[in-house]
Amino acid sequence: MSIFFKISWRNLWRNRRRTVVTLLAIVFATFLFVFTRGMQFGTYAATIRMTAEQFSGYLQIQHPEYLDNPGLHKSFRLTTGLIDLLKQLPAVTGFAPRLYAEGLAGLKNNSVGLTLMGIDPEHEKTVTQLHTKVRKGRFLASDSSQEVVVGETLLKNLGGKLGDQIVVLSQGFDGSLGNMKFTIVGVIKTGSAELDQYTAIMGLKDLQELLTMDNRIHAIVINLRQLRDLPETRQQLQQMLPPELTVRSWDEVVPDLKQSIELDNIGGLLFLIILVIVVAFGILNTLLMSVTERFREFGVLLSLGLSNLRLAQIVFLESLYLTIMGIAIGLLLGYAANYYVVLHPIPLGEELATISQEYGFAPKIYSTVEARIFIQSFQYIFLIALLATLYPIYKVMELEPLKGIRYT
């Protein structure tokens with residue numbers, strides 16, 4: 001059998017130029033597949049991380065019906081048992097309670113509708129980067145300081161400035177209408193139009209007092225060491241929680257981002273598959289020309305007693321050598337390029353970066369060298385390349401000795 005491996009290898013280099021051109025096509029397709037998928041997955045992970053650290057967290061503990069139909073009564077009590085439970089999980093690096101409500105803010109002759117978000121500033125800093133988004137003034141001093149941080153657009157709509165006092169009205173847990181005064185101590189700009197235009201961040205205890213909600217909250221936002229810790233941590237947490245609570249992941253809390261990533265992923269994969277199919281036709285052309293040129297030689301071998309199956313094995317091995325060499329070189333080049341981008345993310349232009357942030361995407365192009373990228377690339381290209389060999393092999397299997405000898 002070893003003689004057939006030698007023959008197949010030597011046959012590849014009978015026409016060096018054609019072999020090298022086909023090999024380069026496979027290398028290019030593999031490299032582009034690996035490099036593109038690496039940048040896609042790396043940027044997706046960075047975008048998810050940015051969204052999680054900016055607002056949503058990787059996981060949230062909520063009332064089971066809150067996400068579908070938010071309301072003050074879809075809340076729960078923050079107990080020491082819940083806090084102790086979260087401290088037991090090794091992948092959890094921080095957690096923060098939150099309370100949400102709809103309200104109306106008034107300043108002088110202006111009034112606007114807004115979303116109220118009550119937080120504990122110290123805990124929030126362990127989960128998100130909201131405190132780093134302050135563009136003017138400062139972040140909240142405590143959870144009961146009667147201070148408020150507002151979005152940049154919201155402040156413009158109110159016609160206010162730092163230091164102004166606003167009156168916030170909202171319906172409480174018991175149905176009563178409550179109002180409190182808050183001092184504007186900071187202005188945030190997150191890049192999210194919704195947050196910057198409608199959100200007012202205040203202390204958790206202040207909002208609980210305004211809504212007469214005692215120690216009730218809507219969510220516990222959880223930060224993790226790494227994105228890949230999410231599935232296992234979610235499963236562990238769900239098993240430990242009481243049945244009246246559930247665990248939501250970032251993609252449930254921010255479904256628009258998940259849909260954008262899935263759409264981009266499908267588009268990128270479709271483009272790469274088309275590229276690989278084009279390369280497969282190049283492989284098919286190379287093998288078919290190589291086989292056709294040797295019909296007379298194959299006819300002589302068949303007349304001497306060599307079987308069509310043995311000839312087909314030689315053609316298959318030629319294709320196998322060519323495909324594996326091309327994929328191996330392409331994977332190595334793709335790994336090197338991806339690793340460079342991992343160390344040196346590619347910054348987008350100022351305008352493009354701003355647009356990307358507004359739509360929830362990372363302002364840089366990142367990459368990754370996860371094993372799944374190389375496995376997926378190998379599977380797609382190897383499979384399509386081998387499919388391209390079926391027709392040349394079929395021609396060899398159908399060849400008859402006399403027809404092969406007479407072929408010109």
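Against the conditions (1) among the aliphatic types (A, V, I, L, M); (2) surrounded by fewer than 21 Cβ atoms within 10 Å (Cβ to Cβ); (3) at pLDDT 80 or above, where does Ile26 fall short? Just the number, please.
(2)
Quick check on Asp174: is it of a type in the set (D, E, K, R), closer than 21 Å to Phe76 by Cβ and at pLDDT below 85?
So Asp174 passes the test.
Could you check Gln239 against (1) more than 23 Å from Gly71 (Cα to Cα); (2) surrounded by fewer than 17 Cβ atoms within 10 Å (Cβ to Cβ); (3) in contact (Cβ under 8 Å) with a residue 12 or more places away in the chain and say which number it fails?
Unmet condition: (3).
Looking at (1) in the same structural domain as Glu194 (by TED's automatic domain parsing); (2) at negative phi, find the lone condition where Gly137 falls short.
Condition (2) is where Gly137 drops out.
Can you name the residue in the range 109-133 that is in a loop (DSSP other than H, G, I, E, B) and of a type outside the set (Lys, Arg) and, of all such residues, is nearest to Val148 (Cα to Cα)?
Asp120
Mind listing whichever residues of the range 289-300 are closer than 15 Å to Tyr394 by Cβ and crowded, with 17+ Cβ neighbours inside 10 Å?
Of everything in the range 289-300, those that are closer than 15 Å to Tyr394 by Cβ and crowded, with 17+ Cβ neighbours inside 10 Å turn out to be Ser290, Val291, Phe295, Phe298.
Do we have Glu293 as modelled with pLDDT of 85 or more and of a type in the set (D, E, K, R) here?
no
Where in the range 144-230 are there strands (runs of 3 or more DSSP E), lying wholly inside it, with at least 3 residues that are not aliphatic (A, V, I, L, M)?
Once the strands (runs of 3 or more DSSP E) in the range 144-230 are filtered for at least 3 residues that are not aliphatic (A, V, I, L, M), what remains is 165-171, 177-188.
Could you run through the range 125-141 and say how many residues are within 24 Å of Thr93 (Cβ to Cβ), in contact with a Lys or Arg (Cβ under 9 Å, 6 or more places away or on another chain) and in contact (Cβ under 8 Å) with a residue 24 or more places away in the chain?
3
Any chance you could count how many residues in the range 1-46 are under 14 Å from Leu275 (Cα atoms) and among the charged types (D, E, K, R)?
The total comes to 1.
Would you check if Arg228 is among the charged types (D, E, K, R) and either modelled with pLDDT under 80 or more than 26 Å from Lys74 (Cα to Cα) (or both)?
Yes.
Determine whether the range 48-67 contains at least one residue that is surrounded by fewer than 14 Cβ atoms within 10 Å (Cβ to Cβ) and under 26 Å from the mean Cα position of the chain (by Cα).
yes
Need the failing condition index for Asn15 against (1) part of a helix (DSSP H, G or I); (2) surrounded by 22 or more Cβ atoms within 10 Å (Cβ to Cβ), just the number.
(2)
Go through (1) modelled with pLDDT of 90 or more; (2) within 36 Å of the chain's Cα centre (by Cα) for Phe182 and report which single condition fails.
(2)
The values are calculated or read from the model by the stated rules, or taken from the named source; none is laboratory data. Here the structure is a predicted model, which is why all the values come from computation and not from measurement. A quick note on method: Cβ atoms are made from the backbone with ideal geometry, for glycine too, and the neighbour counts reach across all protein chains shown.
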